[in-house]
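The structure appears below as structure tokens.
Since every read-out is calculated from the coordinates, none of them should be taken as a lab result. The model shown is predicted, which means the values in this text are computed figures rather than measured ones. Note that each Cβ is placed from the backbone with ideal geometry, even for glycine, and that neighbours are counted across all protein chains shown.
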Amino acid sequence: MAIRKIREMGDEVLTKVCKPVDKLTLRTRILIGDMLDTMYEAGGVGLAAPQVGILKRIVVIDVGEGPIVLINPEIVETAGEQTGDEGCLSLPGKSGVVTRPNYVKVKALDEDMNEIELEGEELLARAFCHEIDHLDGHMYVEKVEGGLHDTIMEEE
Ligand code: ZN
């Protein structure tokens with residue numbers, strides 16, 4: 001397990017469409033472990049493989065309820081709406097207001113390549129949308145309403 005370098009906006013790798021994972025190699029397992037380490041180290045709630053320079057359809061998420069690993073995720077259902085601040089580890093220190101569905105159902109493969117379906121509301125729904133967007137080369141800044149602002153860090 002290791003911390004990988006997080007690519008920042010402007011890096012071409014963040015604009016590419018990622019390839020589906022067809023089998024889980026040792027290399028991919030190591031990547032997933034590293035992505036979790038990198039996300040926790042950076043204090044994020046989600047990380048997509050292209051953010052560490054790998055064009056594979058893998059995301060990791062933890063909104064405070066334990067780690068979620070999604071391989072080849074797809075959004076299969078959405079409902080409602082939420083509008084709130086969003087940030088990204090590839091654009092440190094900035095955030096902006098984005099409207100997302102308030103409920104999102106995702107179909108994916110887990111770390112053993114078993115099919116899973118997960119439902120999320122509020123922050124988890126937002127994280128599903130944000131991270132899956134990365135797999136198609138999209139950043140949240142494309143959806144920001146009213147421009148970006150500096151994130152106020154809560155210290156102490
Ligand atoms: Zn992001």
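Here are the numbers for this structure:
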| read-out | value |
| --- | --- |
| Radius 13 Å from Cβ of LEU24, net charge of other residues (Lys, Arg +1; Asp, Glu -1) | +1 |
| Estimated D of the chain in µm² per second, where Rh is the Kirkwood radius over Cα pairs and Stokes-Einstein applies at 37 °C, 0.692 mPa s | 210 |
| For LYS94, distant residues with modelled amide H under 5 Å away | CYS88, THR151 |
| Cβ charges +1 (Lys, Arg) and -1 (Asp, Glu), total dipole of the chain, debye | 820 |
| Value of relative contact order over segment 12-150, rounded to a whole percent, pairs C-alpha under 8 Å and six or more apart | 26 |
| Net dipole in debye of segment 28-88 [+1 Lys, Arg Cβ; -1 Asp, Glu Cβ; about Cα centre; nearest 20] | 380 |
| Proximal lysines relative to LYS107, as straight alpha-carbon distance under 19 Å, when same-chain residues fewer than 8 apart are discounted | LYS19, LYS23, LYS56 |
| 14 Å beta-carbon shell around GLU142, net charge (K/R +1, D/E -1) | -1 |
| Sorted peptide list for 5-12, 127-134, criterion being average Cβ within 10 angstrom, highest first | 127-134, 5-12 |
| In sequence order, calculated HN-Hα J values of segment 91-105 (Karplus, 6.51, -1.76, 1.60; Hz; x Gly/Pro) | 9, x, x, 10, 8, x, 7, 10, 9, 9, x, 7, 10, 9, 10 |
| Segment 78-156 and segment 1-37: distance between their alpha carbon centers, rounded to Å | 17 |
| DSSP bridge orientation in segment 12-150 - percent antiparallel, rounded to nearest 5 | 95 |
| Distance in nm between pseudo-label sites at GLU8 and ASP85 (7 Å out along the Cβ direction from Cα) | 2.0 |
